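For reference, the structure is listed below as structure tokens.
The values are calculated or read from the model by the stated rules, or taken from the named source; none is laboratory data. Model, not experiment: these values are computed from the prediction. For neighbour counting, all protein chains shown are included, and Cβ atoms are generated from backbone atoms with ideal geometry for every residue, glycine included. The accessibility values were calculated without ligands, DNA or RNA, using every heavy atom of the protein model including side chains. Shrake-Rupley method; radii C 1.70, N 1.55, O 1.52, S 1.80 Å.
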Amino acid sequence: MSARAGKPVKSKAAMPGLAGAKRIVVKIGSALLVDEASGEVRRDWLDALADDIADCRRAGQEILIVSSGAIAVGRRQLGLTARNQRLEDKQAAAATGQIKLAHAYQESLARHGITVSQILLTLEDTEARRRHLNARGTLTSLLKLGAVPVINENDTVATEEIRYGDNDRLAARVAQMASADLLVLLSDIDGLYTGDPRSEKNVEHVPLVTAITADIEAMAAAAAPGYSSGGMVTKLAAAKIAYAAGCAMAITDGTAHHPLRAMRDGARCTWFQPERAPLTARKRWIAGAINPAGSLTIDDGARAALARGKSLLPAGVVSLAGDFKRGDAVVVRDANSREIARGLVAYNAEDAARIIGHKSGEIEKRLGFRGRDEMIHRDDLVMGLDGSD
Ligand code: GLU
């Protein structure tokens, strides 16, 4: 059944590993870090992870941590329960829990003389290009100074409309931002299966994924909700961002102590290894856009032109959706509604609607000004976001 895993699994020799990576983002979910009964950080588990991180650093690897847990810890401290799901409750819980979380990391890593620095990001910090570059600068300086950044979403100021909500995608965006070469998602399961291993028989573990195909998406959808904190669906969304960044990703079981050591010793994981060459930094940022502002559906001729590396012209666009502005990231779909590319659009939605289906030479007449000839210039366009070329 593993032949269904997109592309055939390669020989073990071709499998990536922890040891070869230089800069690693480790994502830690609340279910691993926070004891459900007491609502406290599981310090014995964290101390063991800190030992692993110290081992990595001794081997010359740089580590960044993306940690959940603020809401789970804070909720308990404020006397809230899992039923208190209002935004205000989550914001209050995060404000309270984040301090405890940061202290726990500080103390655990201090046992190895490692300095921890906290970064709380909002969606805007990664999605607005200028702020993205600013946050990237901070991460780079911290790594240069030898600190371990501990990153979480700034849940206290995030609102439902403008938040990540899951740290899988945040971690992938951080990996792209920091030019990491490996993203490790510590989960409560050792990777992706062809179905749900808890309820189905004859399901197989998928050791390597080289492209996010429709089959792979179906496997993720089959995984039971809640089986791992963000679910498999957000993990695949993370894999797409990582692919575009040329960054490998691994899902591994973090429930036992020393999960990174186990990986180094060959523990079973699902590896996501892109086959394509990495994109330029700017294209990686475009490809990883979390909330594209709209979409353009194009005809087969335009699709073929894009595949040859051409720009998207207004004439090839059949329809559009969303209230995007000039310069926003939009999704490009083919006639079957399948996402084939992303790019920065050169016109706002209103102007775009007036020129789609028309030759570039008619733009001035239709809009009253002479804009760009292209709807999306090829420098602003990224194809093959599923990991294929
Ligand atoms: N940022 C949230 C927290 O710290 C967790 C999001 C997630 O679990 O993915 O509690």
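Can you tell me what the convex hull of the Cα atoms of the range 143-213 projects to on average, as an area in nm²?
Details: hull surface 31.3 nm².
Average projection, Cα convex hull of the range 143-213: 7.8 nm².
Kindly provide the pair-distance distribution of the range 58-122 built from C-alpha pairs, with 5 Å bins from 0 and whole-percent values in order of increasing distance.
4, 16, 24, 19, 15, 11, 6, 4, 2
Any chance you could give the angle, 0 to 90 degrees and rounded to 10, that helix 129-144 forms with the longest Cα principal axis of the chain?
Around 30 degrees separate the two axes.
To the nearest 10 degrees, how steep is helix 231-244 against the longest Cα principal axis of the chain, on a 0 to 90 scale?
For 231-244 against the chain, the angle is about 60 degrees.
Grab the beta carbon distance between ASN348 and ALA110, set R0 = 41 Å, and tell me the FRET efficiency rounded to 0.05. Don't skip to the end; give the middle numbers.
Details: r = 51 Å, r/R0 = 1.25.
Working from the Cβ atoms, E equals 0.20.
With all pairs of different alpha carbon atoms counted, what Kirkwood hydrodynamic radius in Å does the range 104-260 show? Numbers along the way, then the final one.
Working: mean 1/r = 0.0589 Å⁻¹.
Computed over Cα pairs of the range 104-260, the Kirkwood hydrodynamic radius comes out at 17.0 Å.
Determine the principal axes of the Cα atoms in the range 262-320, then give the extent along each, sorted from largest to smallest and rounded to whole angstroms.
55, 26, 21
Based on alpha-carbon atoms only, what is the radius of gyration of the range 307-380 relative to the globular estimate 2.2 N^0.38 Å? Before the final figure, lay out the partial values.
Details: Rg = 11.5 Å, N = 74, 2.2 N^0.38 = 11.3 Å.
Against the empirical 2.2 N^0.38 Å value, I get 1.02 for the range 307-380.
Please give the charge dipole size of the range 182-301, origin at the Cα centre, charges +1 on K and R Cβ atoms and -1 on D and E Cβ atoms. Round to the nearest 20 debye.
Dipole of the range 182-301, to the nearest 20 debye: 520 debye.
Can you list, largest first and rounded to whole Å, the semi-axes you get for the range 73-169 by taking the square root of 5 times each eigenvalue of its Cα gyration tensor? Could you put the intermediate results ahead of the total?
Values: eigenvalues 125, 84, 12 Å².
After scaling each eigenvalue by five and taking roots: 25, 20, 8 Å.
Kindly report the accessible area of the range 235-337 per residue (heavy atoms of protein chains, probe 1.4 Å, no ligands, DNA or RNA), in Å².
Working: 4320 Å² over 103 residues.
Per-residue value: 42 Å².
Taking 0.36 nm per intervening residue step and subtracting the Cα-Cα distance, what contour gain separates GLU204 from GLU160 on full extension?
Details: separation 44, 0.36 × 44 = 15.84 nm, distance 3.61 nm.
Gain in length upon complete extension: 12.2 nm.
Could you give each residue of the range 292-308 its phi-based ³J(HN,Hα) in whole Hz, using Karplus coefficients 6.51, -1.76, 1.60 with θ = phi - 60°, and x for Gly or Pro?
After applying 6.51 cos²θ - 1.76 cosθ + 1.60, I find x, 7, x, 8, 10, 9, 10, 8, 5, x, 5, 4, 5, 5, 4, 5, 8 Hz.
Hey, any idea what the orientation-averaged projected area of the convex hull of the range 260-389's Cα atoms comes to, in nm²? Mind dumping the intermediate values first?
Values: hull surface 37.5 nm².
Quarter of the Cα hull surface area: 9.4 nm².
Of LYS27/LYS310; LYS90/LYS325; LYS283/LYS325, which ones are farther than 28 Å apart at the Cα?
Numbers: LYS27/LYS310 37 Å; LYS90/LYS325 31 Å; LYS283/LYS325 19 Å.
Violating the 28 Å limit, Cα to Cα: LYS27/LYS310; LYS90/LYS325.
For the chain, which whole percent of the accessible surface, found with a 1.4 angstrom probe, sits on carbon and sulfur atoms? Don't skip to the answer; put the middle values down first.
Values: 8350 of 17030 Å².
Exposed carbon and sulfur together represent 49 percent of the surface.
For the chain, compute the orientation-averaged projected area of the C-alpha convex hull (one quarter of its surface), in nm².
The directionally averaged projection comes out at 19.8 nm².
Using R₀ = 30 Å, calculate the FRET efficiency as 1/(1 + (r/R₀)^6) where r is the Cβ-Cβ separation of LEU145 and GLU275; round to 0.05. Intermediate values should be presented prior to the final figure.
Values: r = 35 Å, r/R0 = 1.16.
For R0 = 30 Å, the calculated efficiency reads 0.30.
Between 0 and 90 degrees, rounded to the nearest ten: what's the tilt of helix 43-58 against the longest Cα principal axis of the chain?
Between the helix axis and the principal axis of the chain, the angle is about 70 degrees.
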